[in-house]
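Participant: Here's a structure for you.
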């Protein structure tokens, strides 16, 4: 355990070496981290941490004073904890979801459970998979407010000891989120309809009044929380689908006071005072992330701002503080440093180091991740990141283009990325582009990618490569593209569209036939079907044209394919169909890696070591130091 005094929190991390020659073992990048989340009890005496262990996640409660274990439990294979919340000092609430692969995401929040901190008196909340937690009720520690959406939205009071529910309000939103004021009066509901429309309603007495409505990729306007007077409410507002700004709305006069705006990205986090009555700061992921302090004179803001300054060059995210504001938990990370957790005691002026997620990683051996911006061929401003191998001069490097998955909603962000750092450690520059359709840049930017998965979105990746070449960063004869999930689709589709640009391509659990993917689990409910209708190419001919499996005759780059046989997010039939289509035109993937027990992304450490050993050898063959330009384009 280590202590850091007051605001003079010196983080003694070595600077990147001018010559980082050591090859960090592949295993070090893919071992399970020591923790994935930390939350502090309202009195600051205990912490709940989630610890991944191969096919499951374990929840443990420790004493802050000596890190002694109070309780530890899990729910078996493929079951993972998320959103651990302290209902009171002795009772925890948490979701347990089903997830089968590293790149998978939960289709629902999972089952909602409650437990004492020692793991006893656990209960499964009836129909818990459908409940969101809205608000704690400190005036009644036995209860919290939860919401559930089934054709309409329901707000209920939940007894966290016996699971009993009492309905408080209903609203005409098919997937809604309620907002209550500080007296627990229901004031707003916002959310989405099954057809994708965004809506916000205000409660007037017993009636709901519509105050905002827009299409899926249109304007946004939704409440975040009330100011102390219960009259003014903090709102997120994205006019015409632009990145959201934060305004303070007077609910009586309807006047708005602007508070925060980045212009490029929407907020991706908020920091509230301990009493939840003042919004202190807004978090933006614009290049290197930062806090915009909108209540700089608030005494808690001064503490938070001081803590941020104490970690120069790092990102500092704050967790929910203790009820009295004395204890402030925070997560500190950087591009070269995995997350570390601290607990700051305002009374003593000391910060306690709680845990490091991957303490075996040495920041001095990692490579910096730099924000970049460039214009696409149609003039659209695009943003992303370039990671340059530590110790290199950054010129004429072999380049791996690494499109993110999703594609709509997710985006690449600044921070420690094991895959990217592995590639950089082996001498490759890595380019990550938030192509049109990515999340975070406003609804309109996301909507620009709708129905253009295989056209304009791929052009953005191509334009990013051209930019890196023009900047002198990338060697034009040594560029490969690799991605997972939608990124796997993009890796193959880009190689089909630009056969002379890429020297190799790697598709990992990728979508290769858009029509085949329409039968995946995401289409099991009405919202998912409507989503696919909006974002997919509308006609059979367009879907075929935008499916890499139907363009394999244009492929020149050698192909590596990776899939888990148990993948339900992107069924392996995608890969099998691609292979059969290649066979029809006399082509074969150079390398295929299939793991029979894996799902949407490999979790087992040994499987990952095997996979990335083969992947690195594949890259080395075509764009590594010994590769020759004459091998480019050889199938």
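The values are calculated or read from the model by the stated rules, or taken from the named source; none is laboratory data. These figures come from a predicted structure and were not determined experimentally. Cβ placement follows ideal geometry from the backbone for every residue including glycine, while neighbour counts extend to all protein chains displayed.
Participant: Can you confirm whether segment 103-111 contains a residue that is more than 19 Å from the chain's Cα centre (by Cα) and at pLDDT 85 or above? Explain how you work it out, then say what you get.
Facilitator: Residues of segment 103-111 that are more than 19 Å from the chain's Cα centre (by Cα), as a first pass: 111.
Going one step further and asking which of them are at pLDDT 85 or above, we end up with none.
For segment 103-111, residues more than 19 Å from the chain's Cα centre (by Cα) and at pLDDT 85 or above: absent.
Participant: Looking only at segment 528-558, filter to residues that are part of a loop (DSSP other than H, G, I, E, B) and touching a helix residue (DSSP H, G or I) at 6+ places or on another chain (Cβ under 7 Å); which one of those is surrounded by the fewest Cβ atoms within 10 Å (Cβ to Cβ)? It would help to see each step written out before you state the result.
Facilitator: Let us first name the residues in segment 528-558 that are part of a loop (DSSP other than H, G, I, E, B), namely 536-539, 546-547, 555-558.
Those left that are additionally touching a helix residue (DSSP H, G or I) at 6+ places or on another chain (Cβ under 7 Å): 536-537, 546-547, 555, 557-558.
Numbers: 536: 18, 537: 20, 546: 23, 547: 27, 555: 22, 557: 28, 558: 25.
Filtering segment 528-558 for residues that are part of a loop (DSSP other than H, G, I, E, B) and touching a helix residue (DSSP H, G or I) at 6+ places or on another chain (Cβ under 7 Å), the one surrounded by the fewest Cβ atoms within 10 Å (Cβ to Cβ) comes out as 536.
Participant: The conditions are (1) in contact (Cβ under 8 Å) with a residue 60 or more places away in the chain; (2) touching a strand residue (DSSP E or B) at 6+ places or on another chain (Cβ under 7 Å); (3) crowded, with 19+ Cβ neighbours inside 10 Å; (4) not assigned by TED's automatic domain parsing to the domain that holds residue 417, and residue 340 fails exactly one of them. Which is it?
Facilitator: In the conditions (1) in contact (Cβ under 8 Å) with a residue 60 or more places away in the chain; (2) touching a strand residue (DSSP E or B) at 6+ places or on another chain (Cβ under 7 Å); (3) crowded, with 19+ Cβ neighbours inside 10 Å; (4) not assigned by TED's automatic domain parsing to the domain that holds residue 417, residue 340 misses (1) alone.
Participant: Could you tell me how many of the residues in segment 352-375 are surrounded by fewer than 21 Cβ atoms within 10 Å (Cβ to Cβ) and either part of a strand (DSSP E or B) or touching a strand residue (DSSP E or B) at 6+ places or on another chain (Cβ under 6 Å) (or both)?
Facilitator: Residues flagged as surrounded by fewer than 21 Cβ atoms within 10 Å (Cβ to Cβ) and either part of a strand (DSSP E or B) or touching a strand residue (DSSP E or B) at 6+ places or on another chain (Cβ under 6 Å) (or both) within segment 352-375 amount to 10.
Participant: Further question: Which residue, of 196, 176, is out of contact with any strand residue (DSSP E or B) (no Cβ under 6 Å at 6 or more places or on another chain), at pLDDT below 95, within 30 Å of residue 532 (Cα to Cα) and crowded, with 16+ Cβ neighbours inside 10 Å? Break it down stepwise before answering.
Facilitator: Numbers: 176 fails: out of contact with any strand residue (DSSP E or B) (no Cβ under 6 Å at 6 or more places or on another chain).
Step by step, each of 196, 176 is checked, and only 196 is out of contact with any strand residue (DSSP E or B) (no Cβ under 6 Å at 6 or more places or on another chain), at pLDDT below 95, within 30 Å of residue 532 (Cα to Cα) and crowded, with 16+ Cβ neighbours inside 10 Å.
Participant: Right, here's the next one. Within segment 495-517, restricting attention to residues that are part of a helix (DSSP H, G or I) and more than 24 Å from the chain's Cα centre (by Cα), which residue is farthest from residue 541 (Cα to Cα)? Lay out the reasoning, then the answer.
Facilitator: Of the residues in segment 495-517, the ones part of a helix (DSSP H, G or I) are 495-497, 514-517.
So of that shortlist, the ones also more than 24 Å from the chain's Cα centre (by Cα) come out as 495-497, 515-516.
Values: 495: 20, 496: 17, 497: 17, 515: 11, 516: 14 Å.
Ranking the qualifying residues of segment 495-517, first place goes to 495.
Participant: Take segment 264-288 and flag every residue that is in contact with a helix residue (DSSP H, G or I) (Cβ under 9 Å, 6 or more places away or on another chain) and closer than 18 Å to residue 413 by Cβ.
Facilitator: Matches in segment 264-288: 266, 271, 281.
Participant: Is it the case that some residue within segment 30-51 is touching a helix residue (DSSP H, G or I) at 6+ places or on another chain (Cβ under 8 Å), closer than 23 Å to residue 313 by Cα and either outside the structural domain of residue 330 (by TED's automatic domain parsing) or modelled with pLDDT of 85 or more (or both)? Show your work before the answer.
Facilitator: Of segment 30-51, the ones touching a helix residue (DSSP H, G or I) at 6+ places or on another chain (Cβ under 8 Å) are 30-32.
Next, from what is left, pick out any that are closer than 23 Å to residue 313 by Cα: none.
The answer is no; no qualifying residue exists.
Participant: Would you check which residues across segment 598-634 are on the phi < 0 side of the Ramachandran plot, at pLDDT below 90 and part of a loop (DSSP other than H, G, I, E, B) and list them?
Facilitator: The answer is 598, 600, 602, 603, 604, 625, 626, 627, 628, 632, 634.
Participant: Can you name the condition, by its number, that residue 472 falls short on among (1) farther than 26 Å from residue 625 by Cβ; (2) assigned to a loop (DSSP other than H, G, I, E, B)?
Facilitator: Only one criterion is unmet by residue 472, namely (1).
Participant: How many of the residues in segment 128-172 are under 20 Å from residue 276 (Cβ atoms), outside any strand (DSSP E or B) and either out of contact with any strand residue (DSSP E or B) (no Cβ under 7 Å at 6 or more places or on another chain) or at pLDDT 90 or above (or both)?
Facilitator: Result for segment 128-172: 6.
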